[in-house]
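Student: Got a structure for you, written out below as structure tokens; questions coming shortly.
The values are calculated or read from the model by the stated rules, or taken from the named source; none is laboratory data. It should be emphasised that the depicted structure is a prediction, and the values quoted were computed from it without experimental measurement. A quick note on method: Cβ atoms are made from the backbone with ideal geometry, for glycine too, and the neighbour counts reach across all protein chains shown.
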């Protein structure tokens, strides 16, 4: 079983890791990890490192890797990253189990850099606070809902 001290040590070894969350109902077989990504190929390398690291403690089968703007404990954030930042063919990493090990699946739901994709993926929209305030001010008059 992985302890918080183990996770803290992992973050020291891999400083690009921001947060690691194991949903309580998944018995550490499923992890959501956020990272600060700044290099092409960094997410794939981190996934492979995580599977090796987790193997010492648990039989982790699934990892979803997201950028640090995603809250690891908010399924809406996670699903948004998966559906806007992933191409299933390009960003799904499967490790087939051998006779003495389990198979594993990694989802790279991080933004793509340079040569990782040919189009913009999953860039959050930034709202102008003045415009939001103005819409809030006249919302009732608009009769939208």
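Student: Among the residues in the range 75-93, are any in contact with a helix residue (DSSP H, G or I) (Cβ under 7 Å, 6 or more places away or on another chain) and more than 21 Å from residue 117 (Cα to Cα)?
Tutor: no
Each row is one residue, and each column tells you yes or no for (1) buried (at least 16 other Cβ atoms within 10 Å of the Cβ); (2) at pLDDT 95 or above.
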| residue | (1), (2) |
| --- | --- |
| 4 | no, no |
| 15 | no, yes |
| 34 | yes, yes |
| 44 | yes, no |
| 66 | yes, yes |
| 70 | yes, yes |
| 73 | no, yes |
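Student: Out of 61, 104, which single residue is surrounded by 18 or more Cβ atoms within 10 Å (Cβ to Cβ), more than 11 Å from the chain's Cα centre (by Cα), touching a residue at least 40 places away in the same chain (Cβ under 8 Å) and more than 24 Å from residue 5 (Cα to Cα)?
Tutor: Just one listed residue meets the conditions, 104.
Student: Taking the range 17-32, which residues are assigned to a loop (DSSP other than H, G, I, E, B) and surrounded by 14 or more Cβ atoms within 10 Å (Cβ to Cβ)?
Tutor: Answer for the range 17-32, where residues must be assigned to a loop (DSSP other than H, G, I, E, B) and surrounded by 14 or more Cβ atoms within 10 Å (Cβ to Cβ): 22, 23, 28, 29.
Student: Give the residue, chosen from 84, 72, that is touching a strand residue (DSSP E or B) at 6+ places or on another chain (Cβ under 9 Å), within 15 Å of residue 20 (Cα to Cα) and in contact (Cβ under 8 Å) with a residue 24 or more places away in the chain.
Tutor: 72
Student: Does any residue of the range 110-126 turn out to be under 25 Å from residue 3 (Cα atoms) and surrounded by fewer than 16 Cβ atoms within 10 Å (Cβ to Cβ)?
Tutor: Scanning the range 110-126 turns up no residue that is under 25 Å from residue 3 (Cα atoms) and surrounded by fewer than 16 Cβ atoms within 10 Å (Cβ to Cβ).
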